[in-house]
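Worksheet: one structure, shown below.
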Amino acid sequence: MAPAQDGSIVTQPAPIALHPLDPLTADEIARAARILHDHFGLGAALQVETIDLAEPDKATVRGHVAGAPVARAARFTVYRRGAAGVWAGWVDLDAGAVTVSKFLPDARPMFSPEEFMQIEAAAKADPRFQEAIRRRGIDRMDLVCVDPWTAGNFPGEGEAGRRVAYTFVWRRAFELDNYYAHPVEGLNVAVDVDTFAVIRVDDHAAASGSFVPVPMTPINYDADLLQGSRQPLKPLDVVQPDGPSFVVAGNRIVWDNWDLRVGFSGREGLILHQVGYTVGGERRPILYRASIAEMVVPYGTPEGVHYRKNVFDSGEYGFGKLAQSLKLGCDCLGHIHYLDVVLHDILGNPRVIPSAICIHEEDAGLAWKHFDFRTERTETRRMRRLVVSSITTVGNYEYCSYWYLYQDGTIEFEMKATGIINTAACIPGAPQEYGTEVAPGVIGHIHQHIFCARLDMEVDGPANTVVECDTVAPPMGPGNPMGNAFKVVERPLTTELAARRRVDFERMRYWKVVNRQRRNHVGGATGFKLETPSAVQPYLDPAGPSGRRAGFIYNHLWVTPYRADERYPAGEFMNHSTGADALPGWTARDRPVEDTDIVVWHSFGLHHLPRLEDHPVQPRVTCGFKLMPVGFFDGNPLIDLPRETNRSSKGNQSAGSCCV
Ligand code: CO
């Protein structure tokens with residue numbers, strides 16, 4: 001304790017003890033990197049794709065007592081500059097040793113952020129590329145932008161067996177210009193990302209002899225380049241005079257009846273651990289772990305080489321690696337608690353992303369209300385939600401991830417997608433089959449963004465079952481004489497193959513995750529319903545080179561028995577993946593998924609034919625899902641919300657107390 005400036009005694013907060021699920025600290029990452037460098041002895045040729053927390057097994061985590069010592073280990077994926085294959089394994093941080101290391105000759109590491117600019121530099125340094133640029137009448141190479149795309153798994157001369165970037169090209173008219181308004185069509189470069197050797201320069205226009213002109217009308221979004229702005233609205237302030245209602249200690253958050261731990265990885269970004277809700281003095285677990293474990297963006301045009309645009313932004317680039325620092329009053333409004341994130345650079349040095357995670361509280365509108373027309377009494381309650389969010393920039397596009405916990409027990413995930421649509425050049429005014437001409441000569445091709453949530457459920461404990469709920473109407477006749485009958489028919493999904501499911505609007509289908517060992521006060525199994533408003537119909541042919549690698553998109557629901565090594569639905573090593581060792585293969589074993597520790601996988605997303613309104617930067621669109629209690633509580637969990645009237649609210653008339 002120490003005297004504060006006003007003479008009072010303040011208590012220094014005790015250092016927060018490490019929890020087994022806490023992300024690696026900067027010291028731990030540095031230590032892991034040292035151990036790896038000592039072990040492999042490759043000096044600066046050792047490239048670190050991933051150093052990440054090796055999550056202890058569930059029994060260890062569940063048995064952990066606050067303050068007790070924690071065994072720490074890291075998972076790693078490293079590779080050697082200039083060589084194919086990766087080593088993947090574990091580092092024991094306490095023993096200071098590599099405990100597991102396996103060389104995987106066919107696995108390819110994801111792209112590291114450091115490699116992006118090197119790929120561009122390699123392309124620009126190639127005389128064939130320079131000639132192709134000159135041929136298009138472009139004389140300033142410094143204004144040319146070469147975006148590195150992962151190359152997928154396509155036949156391409158000289159590409160087999162290598163780690164390849166396939167690039168697309170844009171140009172600026174001046175330094176701050178939005179280059180996506182100026183696509184350079186028909187010019188692509190295949191670059192070996194291990195050696196930065198240019199494999200090929202594909203100048204498709206050179207072969208045909210005709211160029212699609214580069215559209216050169218500047219279309220910008222930077223305020224410094226725009227002519228004036230509309231009148232701002234009056235201030236709208238979120239004021240919490242007594243501070244927010246949540247408490248953050250390290251990575252643990254306690255808010256209202258909720259508690260959880262926040263994690264973060266270079267690959268997945270935000271992770272929620274051990275989400276539970278306390279009711280009647282009992283803490284009831286719901287989720288052991290939740291994340292968006294993969295995503296893919298297939299583009300839908302067969303024209304040119306645009307079929308190569310089929311990126312797995314999590315597995316190939318790292319959703320967390322590309323997370324941005326958030327800005328108070330811009331990205332985040334209100335009373336904000338930020339968490340920094342510590343990842344690492346390509347050499348394994350710790351890299352801090354300050355303020356990468358935003359935690360705050362929001363008014364979520366009306367919770368419930370009733371006016372009794374006989375007594376003329378009204379009861380009204382408002383609800384709040386806790387928000388945990390982060391924002392990732394993948395090249396031209398922004399993915400803004402929001403997890404919401406509502407006071408009524410609902411858990412929601414919302415993806416807000418914004419940023420710049422990917423563009424190509426077209427002949428101005430020519431009819432377009434596979435895209436929208438968003439500005440003269442600029443086309444945005446049709447595409448989808450399909451995410452996969454990995455929901456490691458523990459509703460009232462680990463033994464859970466998924467039940468499919470279809471609504472059916474019996475035929476009009478003796479059992480349904482007036483033709484009005486309809487009912488929900490429940491069917492447990494007992495094995496993995498039986499649990500490969502798709503939404504069905506005709507049956508108003510939904511799924512719920514129940515614990516049949518736990519009963520509510522009318523004898524039903526306690527559970528959570530998965531609401532799937534953003535299921536998308538995939539159009540990639542499953543037999544094609546991109547469809548084979550994205551098997552998770554073909555069902556909206558998959559259920560697997562928990563396995564620590566089944567982490568990513570399209571596979572552990574996504575770059576140039578084949579689709580092997582992924583959800584379709586795992587579930588083909590048809591393991592039982594009844595009354596056991598299960599993982600629920602939900603594919604959802606956005607179906608996107610660009611609009612003119614999406615250019616030059618897209619107003620955010622959203623997709624997501626909800627986990628909603630069904631029979632988990634014995635009644636409305638918000639019945640005990642106190643009557644409250646917000647005294648800062650002002651009206652044009654005095655409305656009195658809003659709550660009685
Ligand atoms: Co889109």
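In the list Ala453, Ala463, Ala425, which residue meets the criterion of being away from the ligand (no atom under 16 Å from the Cβ) and either modelled with pLDDT under 95 or closer than 30 Å to Pro183 by Cα (or both)? Before the answer, list the steps.
On the way: Ala453 fails: either modelled with pLDDT under 95 or closer than 30 Å to Pro183 by Cα (or both); Ala463 fails: either modelled with pLDDT under 95 or closer than 30 Å to Pro183 by Cα (or both).
Answer to the selection: Ala425.
Matching residues to (1) at pLDDT 95 or above; (2) outside the structural domain of Val262 (by TED's automatic domain parsing); (3) surrounded by 19 or more Cβ atoms within 10 Å (Cβ to Cβ); (4) touching a helix residue (DSSP H, G or I) at 6+ places or on another chain (Cβ under 6 Å):
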position	(1), (2), (3), (4)
Leu53	yes, yes, yes, no
Val61	yes, yes, no, no
Thr77	yes, yes, yes, no
Leu93	yes, yes, yes, yes
Val100	yes, yes, no, no
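One line per residue, one yes/no per condition, for (1) surrounded by fewer than 23 Cβ atoms within 10 Å (Cβ to Cβ); (2) within 28 Å of Asp242 (Cα to Cα); (3) in the same structural domain as Ala417 (by TED's automatic domain parsing):
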site	(1), (2), (3)
Gly280	yes, yes, yes
Arg283	yes, yes, yes
Met295	no, no, yes
His306	yes, no, yes
Ser325	yes, yes, yes
Cys332	yes, yes, yes
His337	yes, yes, yes
Leu343	no, no, yes
Arg351	yes, no, yes
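Quick check, is Ala84 within 30 Å of Arg200 (Cα to Cα), surrounded by 13 or more Cβ atoms within 10 Å (Cβ to Cβ) and either touching a strand residue (DSSP E or B) at 6+ places or on another chain (Cβ under 8 Å) or not assigned by TED's automatic domain parsing to the domain that holds His273 (or both)?
Numbers: within 30 Å of Arg200 (Cα to Cα): yes; surrounded by 13 or more Cβ atoms within 10 Å (Cβ to Cβ): yes; either touching a strand residue (DSSP E or B) at 6+ places or on another chain (Cβ under 8 Å) or not assigned by TED's automatic domain parsing to the domain that holds His273 (or both): yes.
Answer is yes for this residue.
Sort out which residues of the range 204-217 are modelled with pLDDT of 95 or more and either surrounded by 13 or more Cβ atoms within 10 Å (Cβ to Cβ) or touching a helix residue (DSSP H, G or I) at 6+ places or on another chain (Cβ under 6 Å) (or both), and write them in order of number. Working first, answer last.
Of all residues in the range 204-217, those modelled with pLDDT of 95 or more come to 214-217.
Scanning the range 204-217 gives Val214, Pro215.
Identify, from the list Thr532, Thr494, the residue that is over 27 Å from the mean Cα position of the chain (by Cα) and crowded, with 16+ Cβ neighbours inside 10 Å.
Details: Thr532 fails: over 27 Å from the mean Cα position of the chain (by Cα).
When all the criteria are applied, what remains is Thr494.
Among the candidates Phe625, Phe604, Phe632, which residue alone is crowded, with 21+ Cβ neighbours inside 10 Å, over 26 Å from Val296 (Cα atoms) and modelled with pLDDT of 95 or more?
Values: Phe625 fails: over 26 Å from Val296 (Cα atoms); Phe604 fails: over 26 Å from Val296 (Cα atoms).
None of the other options fit; the residue is Phe632.
Identify, by number, the condition in (1) buried (at least 20 other Cβ atoms within 10 Å of the Cβ); (2) in a strand (DSSP E or B); (3) assigned by TED's automatic domain parsing to the domain that holds Gly441 that Arg267 doesn't meet.
The number of the failed condition is (2).
Identify the residue in the range 588-642 that is of a type in the set (A, V, I, L, M) and assigned to a loop (DSSP other than H, G, I, E, B) and, among all such residues, is farthest from the ligand (Cβ to nearest atom). Can you show your working first?
Filtering the range 588-642 for residues of a type in the set (A, V, I, L, M) gives 588, 593, 598-600, 606, 609, 612, 617, 621, 627-628, 630, 638-639, 641.
Retained after the next criterion (residues that are assigned to a loop (DSSP other than H, G, I, E, B)): 593, 609, 617, 630, 638-639, 641.
On the way: Val593: 33, Leu609: 9, Val617: 12, Val630: 33, Leu638: 36, Ile639: 42, Leu641: 39 Å.
Selected residue: Ile639.
Results for (1) part of a loop (DSSP other than H, G, I, E, B); (2) within 29 Å of Gly579 (Cβ to Cβ); (3) in contact (Cβ under 8 Å) with a residue 40 or more places away in the chain, shown as yes or no for each residue.
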residue: Asp147; (1), (2), (3): no, yes, yes
residue: Gly152; (1), (2), (3): yes, yes, yes
residue: Gly161; (1), (2), (3): yes, yes, yes
residue: Ala165; (1), (2), (3): no, yes, yes
residue: Trp170; (1), (2), (3): no, no, yes
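Inside the range 381-404, can you point out the residues that are of a type in the set (Gly, Ala, Ser) and either more than 14 Å from the ligand (Cβ to nearest atom) or within 13 Å of the chain's Cα centre (by Cα) (or both)? Break it down stepwise before answering.
Within the range 381-404, the first condition is being of a type in the set (Gly, Ala, Ser), and the residues that meet it are 389-390, 395, 401.
The answer is Ser389, Ser390, Ser401.
For the range 478-586, give me every one of the strands (runs of 3 or more DSSP E) that falls completely inside it and has 2 or more residues that are more than 30 Å from Asn153 (Cα to Cα).
Here the list reads 487-493, 510-519, 525-531.
Could you go through the range 239-246 and let me know if any residue there is in a loop (DSSP other than H, G, I, E, B), over 29 Å from the mean Cα position of the chain (by Cα), of a type in the set (D, E, K, R) and over 22 Å from Pro155 (Cβ atoms).
Scanning the range 239-246 turns up at least one residue that is in a loop (DSSP other than H, G, I, E, B), over 29 Å from the mean Cα position of the chain (by Cα), of a type in the set (D, E, K, R) and over 22 Å from Pro155 (Cβ atoms).
Residue by residue through the range 439-450, note down the ones that are away from the ligand (no atom under 16 Å from the Cβ) and either charged (D, E, K, R) or in a loop (DSSP other than H, G, I, E, B) (or both). Working first, answer last.
Taking the range 439-450 first, the residues away from the ligand (no atom under 16 Å from the Cβ) are 439-441.
Matches in the range 439-450: Pro440, Gly441.
Mind listing whichever residues of the range 172-196 are touching a residue at least 40 places away in the same chain (Cβ under 8 Å) and within 18 Å of Pro127 (Cα to Cα)?
Once the filter is applied, which keeps residues that are touching a residue at least 40 places away in the same chain (Cβ under 8 Å) and within 18 Å of Pro127 (Cα to Cα), the range 172-196 yields Val184, Gly186, Leu187, Asn188, Val189, Val191, Thr195, Phe196.
What number of residues within the range 405-422 are surrounded by 19 or more Cβ atoms within 10 Å (Cβ to Cβ) and either among the basic types (Lys, Arg) or more than 16 Å from the ligand (Cβ to nearest atom) (or both)?
8
The values are calculated or read from the model by the stated rules, or taken from the named source; none is laboratory data. The structure presented is a predicted model; accordingly, all values stated were derived computationally and were not measured. Note that we place each Cβ from the backbone using ideal geometry, even for glycine, and neighbour counts take in every protein chain shown.
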